Structures are given as C-alpha cells and as structure tokens.
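Undergrad: Provided herewith is a single structure, encoded as structure tokens, for subsequent inquiry.
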Amino acid sequence: MPKYLDIANDLRDRIVAGEFPIGSKLPGITDLQGRYGVALNTVRAAEEVLREEGLLRIAQGEGAFVVAVPGAATVDVLGALYAARDALAVAIAAAERQQKTRP
C-alpha cells in the first residue's frame, strides 16, 4: 500500500478517535512530515484523500481542518426529545391512573 494511504488511514483513525474533532486543525505539513518521515507531497496526497472523502477542508496558507467524522450519524435531537416527552406523558398518565385506582 502506498505510504500516503497509510498516512490517510492513520489520520482518519485519529479523527474517529476524537484526537482531531470537527473544527480542529490538523498539525502542519512540516509536523506531519516529521511524524511520518515522508516528503511534502506524500503528506499532501494523504490530506487530499481525506478531503475527497469529505473529512477535511484544505485552505492554502491556513492548513487542513476537520469538517466531518466518518460514520458519524446525523442525530435529530429535537425529534428524539419530542419522542421522549411523548413517552414520558404516556408513562405519567398510566402512573396517575394506577394511583387513582388504589384504595
């Protein structure tokens, strides 16, 4: 496997693990070159793989920023809260009925 794919896989794993959360900036290319012991173009190729996957935004002169996490599901928080509220309302009504029927 080409080295840039190994680096892309490692960076993806680190993003999934939360080391680089959404909105964070990856270490600079020089730092990544030192970490992985590769040339500039190898790091750029790895970042490009992740950009094509929709995980990074690369801004020339600024760096690479995490914009998504692989496998992160979009959660409808408001919908889940409404469902929980409805379930609680049913449970409360049932408990109130039980309490009224007790002698």
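Undergrad: Out of (1) open to solvent by less than 40 Å² (accessible area, probe 1.4 Å); (2) within 20 Å of the chain's Cα centre (by Cα); (3) touching a residue at least 24 places away in the same chain (Cβ under 8 Å), what's the single condition that is false for T42?
TA: The one condition T42 does not meet is (2).
Undergrad: While we're here: Looking at (1) surrounded by 13 or more Cβ atoms within 10 Å (Cβ to Cβ); (2) modelled with pLDDT under 95, which is the only condition D10 fails?
TA: The single condition D10 does not satisfy is (2).
Undergrad: Quick check: anything in region 22-37 touching a residue at least 40 places away in the same chain (Cβ under 8 Å), among the polar types (S, T, N, Q) and farther than 19 Å from K3 by Cα?
TA: Within region 22-37, one or more residues are touching a residue at least 40 places away in the same chain (Cβ under 8 Å), among the polar types (S, T, N, Q) and farther than 19 Å from K3 by Cα.
This table checks each residue for (1) at pLDDT below 90; (2) part of a helix (DSSP H, G or I).
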site: A46; (1), (2): no, yes
site: R51; (1), (2): no, yes
site: G61; (1), (2): no, no
site: V75; (1), (2): yes, no
site: A80; (1), (2): yes, yes
site: A83; (1), (2): yes, yes
site: L88; (1), (2): no, yes
site: I92; (1), (2): no, yes
site: K100; (1), (2): yes, yes
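The values are calculated or read from the model by the stated rules, or taken from the named source; none is laboratory data. All values derive from a computational prediction rather than experimental measurement. Neighbour counts are summed over all protein chains in view; Cβ atoms, including those assigned to glycine, are modelled from backbone coordinates with ideal geometry. For the accessible areas, the whole protein counts, side chains as well, though only heavy atoms, and no ligand, DNA or RNA atoms are used. Shrake-Rupley method; radii C 1.70, N 1.55, O 1.52, S 1.80 Å.
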